[in-house]
1. Based on other C-beta atoms within 10 Å, arrange 190, 39, 180, 229 from fewest to most.
2. Which net charge results when you count Lys and Arg as +1 and Asp and Glu as -1 among the other residues whose beta-carbon is under 9 Å from that of residue 303?
3. Please give the contour-minus-distance gain from residue 83 to residue 258: 0.36 nm per residue of separation, less the Cα-Cα distance, rounded to one decimal in nm.
4. Roughly how many Å is it from the Cα centre of the range 259-335 to that of the range 60-124, as a whole number?
5. Net charge within 13 Å of residue 183 by Cβ-Cβ distance, Lys/Arg positive one each and Asp/Glu negative one each, not counting residue 183 itself?
6. Excluding residue 53 itself, what net charge comes from residues whose Cβ is under 14 Å from its Cβ, given Lys and Arg +1 and Asp and Glu -1?
7. Students often check this: by mean Cβ neighbours within 10 Å, which of 331-344, 240-253, 73-86 ranks highest, and how do the rest follow?
8. Out of all Cα-Cα pairs in the range 4-139, roughly what percent, to the nearest whole number, are more than 26 Å apart?
Amino acid sequence: MPTKASLAVLATAVSLCAQGDFDLDKATPGTLGSTLTLEITNAPANMPLLGMVSTTAGPTPIALLDPLDPRSVAVGVDLLGNWSLQTTSATGQSTINVGLPSSAAFQGFVFHWQAATLPGVTTLFDQISNAVTTHHVQDGTSAALPSALLSARAGATVCMAPSRNAGMGDFLLVSGATTEFFNFRTLDSEAGPAMNASRALHAYTTLNDGRVMFIGGLDATAAVTTSCEIYDPVADTFTTVAPLPGPRAGHAAATMPDGRVLVVGGTTNFTDLTAAILGVLDSTSIYDPAADSWSSGPNISSRRLVPALSRLSNGQMLVSGGIEVTIFFGIPIAAVSTNKAQRFNPTNNSWTSAPNMPAGRAYHHDNQVTLADGRLMLTGGVLLPSLLNAANAASIVDADIYDPVANSWSATTMSRARTGHSASLLPNGNVVVCGGSEGLLSAAVALDAVAVFDPTNGTWTDTAPMTVARVGHTAVVVPDGSVVLLGPDTSTEALHMN
């Protein structure tokens, strides 16, 4: 007669990790001092539901409780006394609410959760949910997440992945030619599909149908390329599409309301600084995803390297800043971070001048945020004072706001100058800016500093620093409202901003 211990060993060897019969998800970030809410959906109706929590991720054989069940759960039994019992609704829904302590002693705590309906036809457990990992820190602070990235991800592009985990916040990180998925439910990652070509200093934009297009950049040999490809999050594939009419790197791209993609500026050559400056473009190209074809658009007012291109709330496009290069008889005579801005009207295919920005800036395309009221906020970037003074290129402290309705700019100032930082729109409408570097680019100082901008009163507030300094990292606001910070190495952390 087998003993319970031998049954447990056998179950561990042959069991399937039971998860995913119904959905368990985080509705709140689990900030210390608040209520953590987990939501259950798509469960069997009107059945007892067991909420399980642990400080470990299991697996634990269910045979420890029911020798007839070969499955396992993704939680341990160390917090068995904290498991809860409730009943699902007529639509198979329920919630688990837990009041969290406010003590800093719990900073960075991680818990593992799963739920099961009771009873099954022949077993104690009926259906079992997916596993969920929660992360707990004090408001306005961050702490390391339980898992590292698979690879260092500097300057990674984010592609949302709504076809994974019921569309609850997973995303794909893309850098170089490799990718990895970040799992919002379990706060870890796994390998994703490879790109068709390695690229850096490329442009990217999310198409109106949710696919993400990668345009040009530097290939694996550091040559400027014309290649383009599109990531389809439903099929989880990269597909090569029509190449650019000419090579570009250090350009900007954005999707217009009609679905076409506008590409501006950049350079045709990155062999060295002189070649890059001589190759800077004032041309634009337009991609039609329906026809998989490119056409020429009207030129912008000057040659621009690393400008920003933004889709405005009124449907027009704004090109702002960038390193403006002046070439006279084939000789570069000026290069400066410009304050010029122009608006493109897709309906008549024309550019018109917009008011100058309060300050010149470049390399700010990835640090722009559209506020809840439709205004555009540009933060930090690079100030190149002149061609002859390139050694004094420095990070920028200005953060300026453009109102597309009034066609006007207003100036704000951060407490620290920043380049290579992240700027994220929070669910409450505030903007959080994390990390970056300050000072001269030739002697840059990496920052762990975090600041929050309140658009209602136009003020900045410094808050607790990140756990490590980050430059060229990625920040993603996930569905529970927390901010996940990843890279530029393999480290990860989450910031809670109520």
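Read the figures in this text as sums done on the coordinates, not as results from a lab. A quick note: this is a predicted structure, and the numbers were derived from the prediction, not measured. All Cβ positions, even for glycine, are placed from backbone atoms using ideal geometry, and neighbour counts span all protein chains on display.
1. In order of increasing Cβ crowding within 10 Å: 190, 39, 229, 180.
2. Working: positive: 304; negative: 282, 324.
Result for the local shell: -1.
3. 57.9 nm
4. Cα centroid of the range 259-335 versus Cα centroid of the range 60-124: 55 Å apart.
5. -2
6. In short, 0.
7. Details: 331-344: 19.1, 240-253: 21.4, 73-86: 15.6.
Those peptides, ordered most packed to least, come out 240-253, 331-344, 73-86.
8. Every Cα pair in the range 4-139 considered, those over 26 Å come to 23 percent.
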